[in-house]
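In what follows, a structure is listed as structure tokens, so that the remarks can point back to it.
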Amino acid sequence: MSDAAPTTDAAPHVHRHHWYYVWFPLVAAFAWFATLWALLITWLASGRPHYVSQDGTIAYISDVGADILKPLFVTGCCFTGIGFVLSLAAERWLRHSGRLAPTMRKRERVFSILAILGSAIGGAGLILLSIFDTKRHTTLHRVFLLVFIVGVALSAIFTIVEFRWLSKDLPYLQKLKASYIIKAIIAGTLIVLAIAFGITMYWSNDVGAILEWTISFLYTFYLLTFFFDLRASRHVGKGELLYLKQRAETGLSHAIHARVV
């Protein structure tokens, strides 16, 4: 019997049906990146004004977003937060429907759901911190900023753990390994910088502001990693995924039998 992966003629139609999912992370990343640049350029072009809520010489994102560009800031945060959640939800759905690497164990499904919950917490925090701006609601703004950071961090950790286990159960899909390694590098860097930001914002306002802008721009690349994950649903045939799942299930059953024996 040949080990070649089966193909299916229905794959191209299914690919087109699922192609629109990739727009979730793209829209989120673009909205976030464009909002950041709009805020930064406005502050620089205005001669680096000192805002009411600003303590140091370098304005925080929230300082600029709480001023005349607040409608833009709120809109950008809404698109980003919702797009982030939809990206993880779409990935969960595509795994469930067989369009991406299938979940082999219950733990992977659990961590996938936890990652979605984390993204929902982070997305809600991002939207709320833009609404309750630092100029008028300083305490609430900082609370929701913390909620955003913690939510994204938890979502990233759960996603990376899920992908790591999947890459072990499906060693034939090398893209899974590459995906969780890239996510781990970006997320790890973001978490370290976020901790440094939390410390420096009470010690050195200017250093904290620089870290905040750096973290925010780097977050764009984390969002884009989900574009490459969802894009795989267009290039991997349903028959091939069925083949991989059968191979993986066979490998798992052999491993379990060996342990029992």
Qualifying residues in the range 195-211 (those that are hydroxyl-bearing (Ser, Thr, Tyr) and surrounded by fewer than 17 Cβ atoms within 10 Å (Cβ to Cβ)) - the one nearest to Phe148 (Cα to Cα): Tyr202
Conditions (1) at pLDDT below 90; (2) open to solvent by 70 Å² or more (accessible area, probe 1.4 Å): number failed by Val192: (1)
Restricting the range 118-145 to residues that are touching a residue at least 60 places away in the same chain (Cβ under 8 Å) and under 23 Å from the mean Cα position of the chain (by Cα), the one nearest to Leu39 (Cα to Cα) turns out to be Ser130
Need the failing condition index for Met201 against (1) among the hydrophobic types (A, V, I, L, M, F, W, C); (2) within 30 Å of Leu40 (Cα to Cα); (3) at pLDDT 85 or above, just the number. (3)
For the range 136-167, give me each residue that is among the acidic types (Asp, Glu) and either under 30 Å from Ile68 (Cβ atoms) or open to solvent by 20 Å² or more (accessible area, probe 1.4 Å) (or both). none
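The values are calculated or read from the model by the stated rules, or taken from the named source; none is laboratory data. These numbers were taken from a predicted model, which means no experiment stands behind them. We place every Cβ from the backbone using ideal geometry, glycine too, and count neighbours over all the protein chains shown. Ligands, DNA and RNA are excluded from the accessible area calculation, which covers all protein heavy atoms including side chains. Shrake-Rupley method; radii C 1.70, N 1.55, O 1.52, S 1.80 Å.
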